[in-house]
Amino acid sequence: MKWNQRILIKDLPLRVEQEVELQGWVQFTRKSGKVRFIGFRDGSGTIQLVMEKGLTPAPLFELWPNLTQEAAIWVKGTVKASAQGQFEVELWVQDLKVLGSSVNFPITPKEHGADFLLGLRHLWLRSKRQVAIFKVRDQVISAINDFFAQSGFVKMDSPILTTAAGEDPKGLFRVPYFDLGDAFLAQTGQLYLEASIFAHGRVYCFGPTFRAEKSKTRRHLNEFWMLEAEAAFFTHEDNLDLQEDLIHFVLGRVLERCGYHLLTLEREVESLERAMRPFVRLDYDDASKLLGELGEPLAPGDDLGAPHETALGNHFQVPVFVTHYPKAVKAFYMKQDPARPDRVRCADLLAPEGFGEIIGGSEREENLDKLVQAMLDKGLKPEHYDWYLDLRKYGSVVHSGFGIGLERLVAWITGTHHIREAIPFPRMMERITP
């Protein structure tokens, strides 16, 4: 049988009273009188296998001791409508073979600590909760790619090895690069996307990003995936509209296709449905004033911290754009607001429920002289950015862009408290294995 003709658990509701063959793994077993039940998954879904004395061939019961947690099996049986609410259908076993044994699987159904589970991340990925998170993550990625394809954006791949900082130089991972000195693991693909807009107009990239930040908070990773987009002739306002449309598209896809997984995660769907409303747009000064009223005062000129982001999210209960931050707390490439030279045309999108910033974006500085001065003001050496400055010499135009931390977005959508659960193999300051 060809691979695309094999029947999967997800296909079974349309095959009631048909005989099928499946391959997968044992999740659990239990007995009830003459009946024995096997929780079984194959990657597409989960089902209950049923064996009953007098109906199931007797020799198969001799295999019961081998049907341990995570044993791989092949099974043949008849699909029946399920009498239990947990499963739509179940499979009554006619034949069964053990394909791969599993002895003393270390992650038992009891509660385990975070360090224990992180050390066994390669096995913990099989858990019901982790499966649900990564099914949602897969749909988020698929929706992002579909949105940009439908919106006329070209996917451009940016390099992992770079020669200059795109963000804080102190957050760079250094890598020896043959006889050319040090290279750095990319903090962002933005600078390369800016080069690409002059060829394609609208572009995006999607890949791993690295920050050498010594942070142990629940919202930081040293390696994460980032979606970044840039568009020529896009103003700051266009940029906000694009971001809002993208998040609405992604949420719509998840709500449409991931209901079962959100239920598994006990995610409050109403909060995601509420986020389908128009987003709040709040100037930094207005945000600062409101924070004072909410009991989370912000010192003049400071960036927002986690308590401030949480307070604003809880107040509005929908995503909030905070715009026009002080120039001093933002990156060199952000465009000054002509009406307020100490401010930049930027925005952070804050997710509700305490999940904080999920998008950072801005209109970019298109004027060469102003860009060079901004670099000098930040202590950067313009000669390290020669190729980037060239972009302002040959047909420079108004343009804007943004970046989304995929894991932060997934953590919010799935209601996951710690960002480490939103990436398959988290890399943090104190952990680089498995």
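The values are calculated or read from the model by the stated rules, or taken from the named source; none is laboratory data. Since we're looking at a predicted model, the values are computed, not measured. Note: ideal-geometry Cβ built from the backbone for every residue, glycine included; neighbour counts use all protein chains shown.
Of the listed requirements (1) touching a residue at least 12 places away in the same chain (Cβ under 8 Å); (2) not assigned by the TED database to the domain that holds ILE413, GLU111 misses just one: (1). A count restricted to segment 281-295 and to residues that are surrounded by fewer than 19 Cβ atoms within 10 Å (Cβ to Cβ) and in contact (Cβ under 8 Å) with a residue 40 or more places away in the chain stands at 2.
Within segment 244-257, is even one residue among the β-branched types (Val, Ile, Thr), within 24 Å of GLU194 (Cα to Cα), outside any loop (DSSP other than H, G, I, E, B) and under 17 Å from the mean Cα position of the chain (by Cα)? Looking for residues that are among the β-branched types (Val, Ile, Thr), within 24 Å of GLU194 (Cα to Cα), outside any loop (DSSP other than H, G, I, E, B) and under 17 Å from the mean Cα position of the chain (by Cα), one finds at least one in segment 244-257, hence yes. Would a scan of segment 60-83 turn up a residue that is loosely packed, with under 14 Cβ neighbours inside 10 Å, in a loop (DSSP other than H, G, I, E, B) and not β-branched (Val, Ile, Thr)? Looking for residues that are loosely packed, with under 14 Cβ neighbours inside 10 Å, in a loop (DSSP other than H, G, I, E, B) and not β-branched (Val, Ile, Thr), one finds at least one in segment 60-83, hence yes. Screening segment 210-229 for residues that are of a type in the set (A, V, I, L, M) and assigned to a loop (DSSP other than H, G, I, E, B) and picking the one that is farthest from VAL175 (Cα to Cα) gives LEU221.
Looking only at residues in segment 381-434 that are in a loop (DSSP other than H, G, I, E, B) and among the β-branched types (Val, Ile, Thr), the one that is farthest from SER362 (Cα to Cα) is THR433. In this entry, LEU172 passes the filter for residues that are under 24 Å from the mean Cα position of the chain (by Cα) and within 30 Å of TRP387 (Cα to Cα). Residues that are assigned to a strand (DSSP E or B), over 17 Å from ALA71 (Cα atoms) and among the β-branched types (Val, Ile, Thr) within segment 1-41 comprise VAL20, VAL35, listed in sequence order. If you check GLU430 against the conditions, is it under 31 Å from the mean Cα position of the chain (by Cα), closer than 29 Å to PHE198 by Cα and of a type in the set (Asp, Glu)? No: the conditions fail for GLU430. On the stretch given as segment 8-26, residues that are surrounded by 18 or more Cβ atoms within 10 Å (Cβ to Cβ) and under 20 Å from GLY100 (Cα atoms) total 5. Taking the criterion of being touching a residue at least 40 places away in the same chain (Cβ under 8 Å) and loosely packed, with under 15 Cβ neighbours inside 10 Å, the only residue of segment 354-378 that qualifies is ASP377.
Of the residues making up segment 357-368, at least one is modelled with pLDDT of 95 or more, within 30 Å of SER271 (Cα to Cα) and among the hydrophobic types (A, V, I, L, M, F, W, C).
Which residue out of HIS308, HIS324 is modelled with pLDDT of 95 or more, in contact with a strand residue (DSSP E or B) (Cβ under 7 Å, 6 or more places away or on another chain) and crowded, with 19+ Cβ neighbours inside 10 Å? Explain how you work it out, then say what you get.
On the way: HIS308 fails: in contact with a strand residue (DSSP E or B) (Cβ under 7 Å, 6 or more places away or on another chain).
None of the other options fit; the residue is HIS324.
Against the conditions (1) more than 27 Å from ASP348 (Cβ to Cβ); (2) loosely packed, with under 15 Cβ neighbours inside 10 Å; (3) modelled with pLDDT under 95, PHE425 satisfies every one except (3).
Which of the residues belonging to segment 15-40 are in contact with a Phe, Trp or Tyr (Cβ under 6 Å, 6 or more places away or on another chain), in contact (Cβ under 8 Å) with a residue 12 or more places away in the chain and either among the aromatic types (Phe, Trp, Tyr) or within 21 Å of ILE107 (Cβ to Cβ) (or both)? Steps first, please.
Here is the first cut: in segment 15-40, the residues in contact with a Phe, Trp or Tyr (Cβ under 6 Å, 6 or more places away or on another chain) are 23-24, 30, 39.
Those left that are additionally in contact (Cβ under 8 Å) with a residue 12 or more places away in the chain: 23-24, 39.
If the condition is that a residue be in contact with a Phe, Trp or Tyr (Cβ under 6 Å, 6 or more places away or on another chain), in contact (Cβ under 8 Å) with a residue 12 or more places away in the chain and either among the aromatic types (Phe, Trp, Tyr) or within 21 Å of ILE107 (Cβ to Cβ) (or both), then GLY24, GLY39 are the ones that fit.
Would you please name the residue that is nearest to LEU123 (Cα to Cα), looking only at residues in segment 42-59 that are within 39 Å of the chain's Cα centre (by Cα) and either assigned to a strand (DSSP E or B) or free of Cβ contacts under 8 Å to residues at least 24 places away in the same chain (or both)? So, considering only residues that are within 39 Å of the chain's Cα centre (by Cα) and either assigned to a strand (DSSP E or B) or free of Cβ contacts under 8 Å to residues at least 24 places away in the same chain (or both), the one nearest to LEU123 (Cα to Cα) is THR46. The strands (runs of 3 or more DSSP E) located wholly in segment 305-371 that include 2 or more residues which are under 17 Å from TRP412 (Cβ atoms) and hydrophobic (A, V, I, L, M, F, W, C) occupy 320-323, 346-351, 356-363.
Within segment 196-208, which residues are without any contact (Cβ under 8 Å) to a residue 60 or more places away in the chain and surrounded by 16 or more Cβ atoms within 10 Å (Cβ to Cβ)? I'd like the intermediate steps shown before the answer.
Kept after step one, since they are without any contact (Cβ under 8 Å) to a residue 60 or more places away in the chain, are these residues of segment 196-208: 196, 199-205, 207-208.
Result: SER196, HIS200, GLY201, ARG202, VAL203, TYR204, CYS205.
In segment 327-342, the qualifying residues are those that are buried (at least 19 other Cβ atoms within 10 Å of the Cβ) and of a type in the set (A, V, I, L, M, F, W, C), and the one that is nearest to THR188 (Cα to Cα) is ALA331.
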